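Colleague: Submitted below is the structure of interest, expressed as structure tokens.
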Amino acid sequence: MEFKQWYMEYKIHKNRPGLLGDIASLLGMLEVNIITINGVEDRTRGMLLQTDDDEKIELLGKMLKKVDNITLNALRPPKLVDILAVRHGRYIERDSDDKKTFRFTRDELGLLVDFLGEVFKREGNQVVGLRGMPRVGKTESIIAGSVCSNKRWTFVSSTLLRQTVRSQLSEEEMNENNIFIIDGIVSTIRSNEKHHALLQELMAMPSTKVIEHPDIFIKESHYDYSHFDCIIELRNTPDEEITYETFTGYNDFE
């Protein structure tokens, strides 16, 4: 069998001396490799494991459920949020009702850039929405994530330096491997027919599109929420309200 990765997470009830050593010894006897280990949230430890025998993972799970000092929370193939939790020692906050919405604050920009970098590495058509107030770091995070994924970025519409509304892109810019950055307000309210035609062509391409202000993009176009693979919210503080009237004059937003 080929080597596969697994994510293991357990809650510590009594952090007695030697607890981690006992678990590491158990993994060693089963010849399950520990790739990464870190504390995740309060009294929780996460590990990325590797083995070429799925039965060993099943046996490991049964054995750890008999250990009184811990509760096994997860033992599964790793998701992106699991990998980042072990890497950064914290979980990305997700909307309790909408699991494809991820929340970050400005002091978590490193985690956000890492998250975007991993998302951008994926091939094929995907649309990412990014909500946030002005000057919170949206565009900068997208560019940094593109660098992390070793991909080129292309501004289709933007207000980063001055208002940018592209009507056409060069053959090199139309590369499916590029990250296309779109300002949802500029592209739907402040653009022209040629830009709309370009936008439709890009949206149909098997490439990654990142749309800032996705709510207005949805309201002012024929695209809807189902077209988005994930929505990211970036705030200065956890309780900051993301509103549009103050910086767009857009008073019809509901």
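Colleague: Please tell me which of these pairs span more than 21 angstrom C-alpha to C-alpha: K11/K65; K62/K100; K121/K194; K4/K121; K100/K219; K100/K138? Could the numbers behind the result be given before it?
Modeller: On the way: K11/K65 11 Å; K62/K100 31 Å; K121/K194 30 Å; K4/K121 19 Å; K100/K219 19 Å; K100/K138 18 Å.
Result: K62/K100; K121/K194 exceed 21 Å.
Colleague: Using a basic spin-label model with each label point 7 Å from the Cα along Cα→Cβ, how many nm lie between D239 and E193?
Modeller: Modelled inter-label distance: 5.0 nm.
Colleague: Also, I was wondering about something else. Just to confirm the number: angle between the C-alpha axis of helix 193-204 and the first principal axis of the chain, 0 to 90 degrees, nearest 10?
Modeller: Around 20 degrees separate the two axes.
Colleague: Using r as the Cβ-Cβ distance of E171 and D224, and R0 as 22 Å, what FRET efficiency do you calculate, to the nearest 0.05? Show your work: numbers first, answer last.
Modeller: On the way: r = 31 Å, r/R0 = 1.40.
With R0 = 22 Å, the Cβ-Cβ based efficiency is 0.10.
Colleague: Fully extended, how many nm does the chain gain between Q200 and N15 (0.36 nm per residue separation, minus their Cα-Cα distance)? Could you put the intermediate results ahead of the total?
Modeller: Working: separation 185, 0.36 × 185 = 66.60 nm, distance 5.59 nm.
Net length gain for the segment: 61.0 nm.
Colleague: About the Cα centre, and with charges only on the beta carbon of Lys, Arg (+1) and Asp, Glu (-1), how big is the dipole of the chain? Nearest 20 debye, please.
Modeller: Details: 33 positive and 42 negative charges, 143 e Å.
Computed about the Cα centre, the dipole is about 680 debye.
Colleague: DSSP loop trypsin sites (Lys or Arg not before Pro) in segment 152-251 with at most 16 other Cβ atoms within 10 Å of their Cβ, which ones? Please list the in-between numbers first.
Modeller: Numbers: sites: R152, R162, R166, R190, K194, K209, K219, R235; in loops: R152, R162, R166, R190.
Here the sparse-neighbourhood loop sites are R152, R162, R190.
Colleague: Suppose only helical runs count, i.e. DSSP H with n ≥ 4. What mean residue ellipticity at 222 nm does that imply for the chain under -39500 (n - 2.57) per run, divided by all residues and rounded to the nearest 500 deg cm²/dmol?
Modeller: On the way: 9 runs with 82 residues, N = 254.
Dividing the helical sum by the residues of the chain leaves -9000 deg cm²/dmol.
Colleague: Compute the acute angle (0 to 90°) between the alpha-carbon long axis of helix 19-29 and the principal axis of greatest extent of the alpha-carbon atoms of the chain; round to the nearest 10°.
Modeller: 80
Colleague: Now, a different point. Counting only protein heavy atoms and using a 1.4 Å probe, what share of the accessible area of segment 88-146 belongs to carbon plus sulfur, as a whole percent? Kindly include the intermediate steps, with their values, before the conclusion.
Modeller: Working: 1110 of 2590 Å².
Of the solvent-accessible surface of segment 88-146, carbon and sulfur hold 43 percent.
Colleague: In square angstrom, rounded to the nearest 10, how much accessible surface does K99 have for a 1.4 Å probe?
Modeller: 120
Colleague: Could I have the simple spin-label model distance between E2 and R76, label points 7 Å from Cα toward Cβ, reported in nm to one decimal?
Modeller: 2.2
Colleague: Please determine, in degrees from 0 to 90 and to the nearest 10, the orientation of helix 109-120 with respect to the longest principal axis defined by the Cα atoms of the chain, where the helix direction is its Cα long axis.
Modeller: The two axes meet at around 80 degrees.
Colleague: Send over a whole-number figure in Å² for the accessible area per residue of segment 35-156, probe 1.4 Å.
Modeller: Working: 5940 Å² over 122 residues.
It amounts to 49 Å² per residue over segment 35-156.
Colleague: Further question: For the chain, what D do you get in µm² per second when you plug the Kirkwood radius from alpha-carbon pairs into Stokes-Einstein at 4 °C and 1.567 mPa s? Don't skip to the answer; put the middle values down first.
Modeller: Details: Rh = 20.4 Å.
Once the numbers are plugged in, D ends up at 63 µm²/s.
Colleague: Also, quick follow-up: Can you give the translational diffusion coefficient of segment 11-118 in µm²/s, computed by Stokes-Einstein from the Kirkwood radius over Cα pairs at 4 °C and 1.567 mPa s? Walk me through the intermediate numbers first.
Modeller: On the way: Rh = 15.4 Å.
So the translational diffusion coefficient is about 84 µm²/s.
The values are calculated or read from the model by the stated rules, or taken from the named source; none is laboratory data. Not measured: the values here are computed from a predicted model. Neighbour counts are summed over all protein chains in view; Cβ atoms, including those assigned to glycine, are modelled from backbone coordinates with ideal geometry. Note: areas computed on protein heavy atoms with side chains; ligands, DNA, RNA excluded. Shrake-Rupley method; radii C 1.70, N 1.55, O 1.52, S 1.80 Å.
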